[in-house]
Structure formats: structure tokens, C-alpha cells
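Step one of this worksheet: look at the structure below.
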Amino acid sequence: MSYKPAICSMSLGRAWVHQITPKFTAAASAGLPGIEIFYEDLLYLASSYPGGATSANQLLAAHSIKSLCNSLKLEIIGIGPFNNCEGLLCPILKAQKRQELELWFQVAHILNTDIIQIPCTFLPESDERITGDLEIVARDLREIADLGARQNPPFRFAFENLCWGTYNDTWAKAWAVVEAVDRPNFGLCLDTFNIAGREFADPTREDGMVVNAKESFRESIKRMARTIDVEKVFYVQVVDAERLERKMDERNEFWVEGQRPRMSWSRNCRLFLCEEERGGYLPVMDVLNAICGSKEEGGMGYKGWVSMELFNRTLVDEREEIPMEHAVRAMESWKKIVERMGWEDIIEKVKQRKQIVSRRPVVENVPERVEISARL
């Protein structure tokens, strides 16, 4: 496999504003061959069925989504995020997460994907139900990996550091977790935003960067390329973020009391890569080179899916053009990535997808707004 572009379904518009069919049609029409299923989309579709988002309705929603993707020739590369499932000290919470996982296995089988994405926990550190103890974190995730391995067909789990994560907020900490879990079906989702957003960027500072950002980050990604086994990189997410005009504090329009500043920044200000004109400033190309560059060039040598996972305030814009606008921006970003990375030999294969004829099944209407507790 070489490199193929994908997009996260949420990045085409949030589920309580934009319905699935126009979002997925936009992705296919723009030429994107792959899509990540953001579970929020599936929950909102299930909520539109009689009885609401029951387990049975979630399975029905999975069938509808798979049928739609088949008609649009969209490959489902994974589902996520399976949140807050590691370092659990509370038996009741742990049992709830295991029960939830069993449903996710059924959903993933219907969607014909073998990857479930797990971000590091972002529950408050004051929450007495969780711990950052690596031994307990690894134990929980090892149990999940073993459960997935026993399924037919088996599942892989892609663990991701979040730059606002409670304990495992850097690539190095995420890699330490993967090594401690020590299972062949447990690896990484490397997200350029979350890597750079923690060790290069600091939205609470006027310049938007940590102290000595350029030098320290350069050394960090060199170390990352030397350290991580590329066979453990299951897929990559690529986006940038804008430098704030006003640092993230109580006076910033995106400030949320009690929420970590990097999370507030992430939810409102991510950009597609190569959108410098919109304020993008993270050294994402450096991260991408460290991941995808050849071993001879000092990289990991990764090849595979490159997914655009964008959170932004524009995702709740109610204009019906939003899904197509974001899909087109994602493809424009992909073309520039291809050019800058020297991947021109694969761009023609992606262009052919624009000729898709979108005969598609009807997906039930989603209510304008359904309150789902799992919504991020």
C-alpha cells in the first residue's frame, strides 16, 4: 500500500447540524477514497429511529452507513473514538466500557473495518475512578486488545495521544503504553496536530509556542522517528491549527471554564494542512516527514492511510454547503501534501474518484438536534 487520503466523518460537519448522506456524498464527490466513522454520526443516525439510540438501532445505523459507503465506493478505515477506557479503578465503569466494547465489535463487523481508535483518557485528574499508573493502564488496554484478537475476524486498536490528555499527552507516552500493552493488534494512530500541539504549541502564550519550541520539537520528532516501530503505526491523521490572535485565557472567545486550554483550542481552531493563509503555523510537514520519510531520510517509512481529522467552529455552521466546502478543502490540502512530499505518482489515482456516480440508498433523516451524552 502506498498513500491514500481519507477524512473523518465529523470533519465534514457535526452530526447535530449536518446529516450523513450529504457529508459522505461530499467526500466521495471531492475524490476522497476513505472515511473514518466518528461514532457521534452513527449515534445521531440511530437516535432518529423509533426508540432512539438503542443498541439495536446502532446496529441498524451501521448497516445504513455501510450501504451508503458501498454505493459511494468509500472505504471505511476505522471507527472511533472509544473514549476513556484505560486506567480504570472503578469496577462499574470498567464493566460499562466492556459492555460498550462488545457493541462496538458488532458495529465494526457490519462496517467491515478492523480498526477501533482509542484516544488517551481526558477525564479530570481529580476523577477518583481513573489512574495514570502505566501498569494499570496497560492492563486495561491489554484486556481490550485480547478481546479484540478473539473476534472473528480480529480487531486492531489504534491508541492516540491527545495534546490535552490527562496522562498520555505526548507521542513518547503513547508509545510507552503500546510497548507496555505488548500485543500485535495494539498500535498507534499518529496525529500530527496532537503531536505538535503538545510539544511545539502552547495556546496560552502570546506567541502560541512553548519555550524553545523549534529546537526542542526538532529533537523530539527525530527521536520519534528512531523510536517507534512503523509496523505499530496503524494509520495517520494530518491537520494543522491556527495561531490565536488572543492567547487562550478567560478573555478568549473559545475559553471554556474548567476545560483544558489545548482542548478548547483544538475544538475550534484546527485547519487542514497547507492552509497557511488561514493562520496555520504548526510544523506539521516536519512531523509528516518524520513519519513518512524513508529510513534513509531519517523517517519511519510509514505508508498507508492519511486521514484529515479537523475540528473547527465552522463544523457547526448551518449552511448546507459546509460538507462540500470541507471536503474540497481536504482534497486541496491532500494535493499540496502530495506535491510537498513528492508523492506525485499517486495523485492521478485519487483524481479518478471525482467521476463517481452517487446512486445511494436513503438514509433516514436525523433530527436537527439530539442530545447524546457521548458527544465531544
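The values are calculated or read from the model by the stated rules, or taken from the named source; none is laboratory data. Worth saying up front: this structure is predicted, and the values here are computed from it rather than measured. Using ideal geometry, Cβ is built from the backbone for each residue, glycine included, and neighbour counts are taken over all protein chains shown.
Which one is nearest to Phe38 (Cα to Cα) among residues in the stretch 75-131 that are of a type in the set (Gly, Ala, Ser) and crowded, with 16+ Cβ neighbours inside 10 Å?
At the first step, the residues of the stretch 75-131 found to be of a type in the set (Gly, Ala, Ser) are 78, 80, 87, 95, 108, 126.
Now drop any that are not crowded, with 16+ Cβ neighbours inside 10 Å, which leaves 78, 80, 87, 108.
Numbers: Gly78: 9, Gly80: 5, Gly87: 23, Ala108: 12 Å.
Ranking the qualifying residues of the stretch 75-131, first place goes to Gly80.
Might you check whether a residue that is out of contact with any Ser or Thr (no Cβ under 6 Å at 6 or more places or on another chain) and within 29 Å of Glu143 (Cα to Cα) occurs anywhere in the stretch 10-32?
yes
Return the total of residues in the stretch 251-273 being of a type in the set (Lys, Arg) and more than 19 Å from Val238 (Cβ to Cβ).
Number satisfying all stated conditions: 2.
Need a quick list: helices (runs of 4 or more DSSP H) entirely within the stretch 29-111 having at least 1 residues that are over 30 Å from Glu125 (Cα atoms) and of a type in the set (Lys, Arg). Show your work before the answer.
Numbers: elements: 39-47, 55-72, 91-111.
Result: 55-72.
Looking only at residues in the stretch 269-279 that are closer than 15 Å to His326 by Cβ and not hydrophobic (A, V, I, L, M, F, W, C), which one is surrounded by the fewest Cβ atoms within 10 Å (Cβ to Cβ)?
Once the filter is applied, the top-ranked residue is Arg278.
Which one of these does Lys247 not meet: (1) touching a residue at least 40 places away in the same chain (Cβ under 8 Å); (2) surrounded by fewer than 19 Cβ atoms within 10 Å (Cβ to Cβ); (3) touching a Phe, Trp or Tyr at 6+ places or on another chain (Cβ under 8 Å)?
Here Lys247 meets the rest and fails (3).
Taking the stretch 205-244, which residues are assigned to a loop (DSSP other than H, G, I, E, B) and surrounded by 14 or more Cβ atoms within 10 Å (Cβ to Cβ)?
If the condition is that a residue be assigned to a loop (DSSP other than H, G, I, E, B) and surrounded by 14 or more Cβ atoms within 10 Å (Cβ to Cβ), then Arg205, Gly208, Val210, Ile228, Val238, Val239, Arg243, Leu244 are the ones that fit.
Does Gly258 fit the bill of being of a type outside the set (Ser, Thr, Tyr), over 14 Å from Thr192 (Cα atoms) and either modelled with pLDDT of 95 or more or not in a loop (DSSP other than H, G, I, E, B) (or both)?
no
Ala15 is checked against (1) touching a helix residue (DSSP H, G or I) at 6+ places or on another chain (Cβ under 8 Å); (2) surrounded by fewer than 18 Cβ atoms within 10 Å (Cβ to Cβ); (3) assigned to a loop (DSSP other than H, G, I, E, B) and fails just one. What number does that condition carry?
Failed condition: (2).
Restricting attention to the stretch 250-268, and to residues there that are under 16 Å from Ser11 (Cα atoms) and in contact with a Gly (Cβ under 8 Å, 6 or more places away or on another chain), which single residue is surrounded by the most Cβ atoms within 10 Å (Cβ to Cβ)?
Trp265
Scan the stretch 157-166 and give yes if some residue there is more than 16 Å from the chain's Cα centre (by Cα) and either within 30 Å of Ser67 (Cα to Cα) or not β-branched (Val, Ile, Thr) (or both), otherwise no. Give the steps one after another, and end with the answer.
First, pick out the residues of the stretch 157-166 that are more than 16 Å from the chain's Cα centre (by Cα): 166.
Those still in the list that are either within 30 Å of Ser67 (Cα to Cα) or not β-branched (Val, Ile, Thr) (or both) too: none.
No, because not a single residue in the stretch 157-166 is more than 16 Å from the chain's Cα centre (by Cα) and either within 30 Å of Ser67 (Cα to Cα) or not β-branched (Val, Ile, Thr) (or both).
Anything in the stretch 97-142 that is without any contact (Cβ under 8 Å) to a residue 40 or more places away in the chain and over 30 Å from Leu74 (Cβ atoms)? List them, or say none.
Answer for the stretch 97-142, where residues must be without any contact (Cβ under 8 Å) to a residue 40 or more places away in the chain and over 30 Å from Leu74 (Cβ atoms): Ser126, Asp127, Glu128, Arg139.
So if I check each of Ile92, Ile7, which one is under 30 Å from Glu135 (Cα atoms) and at pLDDT 95 or above?
Numbers: Ile7 fails: under 30 Å from Glu135 (Cα atoms).
Just one listed residue meets the conditions, Ile92.
Among the residues of the stretch 284-305, which ones are in contact (Cβ under 8 Å) with a residue 12 or more places away in the chain, part of a loop (DSSP other than H, G, I, E, B) and surrounded by fewer than 20 Cβ atoms within 10 Å (Cβ to Cβ)?
Gly293, Gly298, Gly301, Lys303
If I go through the stretch 132-153 residue by residue, how many of them are outside any helix (DSSP H, G or I) and farther than 16 Å from Arg98 by Cα?
Of the residues in the stretch 132-153, 4 are outside any helix (DSSP H, G or I) and farther than 16 Å from Arg98 by Cα.
If only one of Arg319, Arg359, Arg375 is out of contact with any Phe, Trp or Tyr (no Cβ under 7 Å at 6 or more places or on another chain), modelled with pLDDT of 95 or more, of a type in the set (D, E, K, R) and not in a helix (DSSP H, G or I), which one is it?
Answer to the check: Arg319.
Of the residues Asp240, Asp229, which single one is among the acidic types (Asp, Glu) and either under 21 Å from Ile115 (Cα atoms) or more than 15 Å from the chain's Cα centre (by Cα) (or both)?
Residue meeting the stated conditions: Asp229.
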